[in-house]
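Here the structure is laid out as structure tokens; the discussion comes afterwards.
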Amino acid sequence: MPENPSFVPSEPATSGERRLALLHSVSIFEFLDEEDLRELAANLQEHHYRAGELVISQGDEGDEMFIVASGQLNIFIPGEESRRVSLKDIGRGECFGELALFDKKPRSASVLATTDAELLALSGETLLAFLEHKPRAALSILRTIAERLRDTTVLLSQRAAKNAVKEVEENLTWSARIADKVAELNGSWSFILGLLVLTGGWTALNVPGILGRPFDPFPYVFFNLLLAILVAIQGPLIVMSQNRQALKERAQADTDFRVNLKNEVNIETILRELGEMRAELGQRLENLENLSETRRENEARGHAGGVLL
């Protein structure tokens, strides 16, 4: 098969090495070998955007993907300024717009540069030329895209609202459950009262004359040793329980974010549909008014013609 003239492999310069290192961190190209990445890096186009500049807009036609070489960007669903739904913040090594390489569909979201950013663009034409030159690379890219689509399908099939704390607790190991029980006991009056009773009983049993010879006379060295061991064990167990509590809070916060995001997207969709419905109703009312006005004019003309006759 003759090589496509639009794809010209070349040896990378110093900037090419930087591009190569960047491509290594992009998941869609993780299965490509070093040679493929070098040839692909040589055909990327640099684009620079200032902070606050719009990179792509929802609904735009596009046939290229972008890789973030530097800077920060925000992917969002546009709307009124107060209703803009932020989907994700991305930085160096992340990519967006990859589906446009294959489906040539309008963009599903907008991307805004939140800081000065440098992007590397890969056009669909360049990718097709690359795949013609290196057809074995197609399987690697398709495998990665299929995995990402599968993950997205699983994510969309799940309910946004869920009991995150319950899910974390159901997946705890027996050691983690013991640590939580110990931490729960340490923070109760039962533990305090039990420790006081144990201390009083230990002291009473070691008063000379009660049990004959005390087994742990004052200053109760053995009892202090037991208390030191208890404290040494309690500390790590309490920290472990606190870490799990922080994990539960993060899981709950993530669930709240997903619920709020889904609600905002749904509200944005409803508002857009209401706006379309309002525009359609306005158009229909205008057509009815025009039709009514035409009928009145026709009736007036007919009446005037009858009078003349």
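Before moving on, here are some points about what is shown:
- Complete set of residues in segment 200-257 that are of a type in the set (G, A, S) and assigned to a loop (DSSP other than H, G, I, E, B): G209, G212
- When residues of segment 260-309 are limited to those that are of a type in the set (A, V, I, L, M) and modelled with pLDDT under 75, the one nearest to S86 (Cα to Cα): L261
- L172 meets the stated requirement of being touching a residue at least 60 places away in the same chain (Cβ under 8 Å), in a loop (DSSP other than H, G, I, E, B) and under 43 Å from the mean Cα position of the chain (by Cα).
- When residues in segment 95-107 are screened for being in contact (Cβ under 8 Å) with a residue 24 or more places away in the chain and exposed (fewer than 14 other Cβ atoms within 10 Å of the Cβ), 2 of them pass.
- Verdict on W202 being surrounded by 11 or more Cβ atoms within 10 Å (Cβ to Cβ) and either closer than 25 Å to V239 by Cα or of a type in the set (F, W, Y) (or both): yes
- Candidate set from segment 244-260 (those that are closer than 18 Å to R177 by Cβ and surrounded by 12 or more Cβ atoms within 10 Å (Cβ to Cβ)); member that is nearest to the chain's Cα centre (by Cα): A251
Residue-wise test of (1) within 22 Å of I238 (Cα to Cα); (2) at pLDDT 75 or above; (3) surrounded by 10 or more Cβ atoms within 10 Å (Cβ to Cβ).
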| residue | (1), (2), (3) |
| --- | --- |
| L156 | no, no, no |
| A160 | no, no, yes |
| I178 | yes, yes, yes |
| A183 | yes, yes, yes |
| L196 | yes, yes, yes |
| P214 | no, yes, yes |
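- Looking only at residues in segment 109-132 that are out of contact with any strand residue (DSSP E or B) (no Cβ under 6 Å at 6 or more places or on another chain) and surrounded by fewer than 18 Cβ atoms within 10 Å (Cβ to Cβ), the one that is nearest to F29 (Cα to Cα) is L131.
- Out of G201, G209, one residue alone is at pLDDT below 75, within 30 Å of L227 (Cα to Cα) and more than 24 Å from the chain's Cα centre (by Cα). It is G209.
The values are calculated or read from the model by the stated rules, or taken from the named source; none is laboratory data. Here the structure is a predicted model, which is why all the values come from computation and not from measurement. Cβ atoms come from the backbone with ideal geometry, glycine included; neighbour counts cover every protein chain shown.
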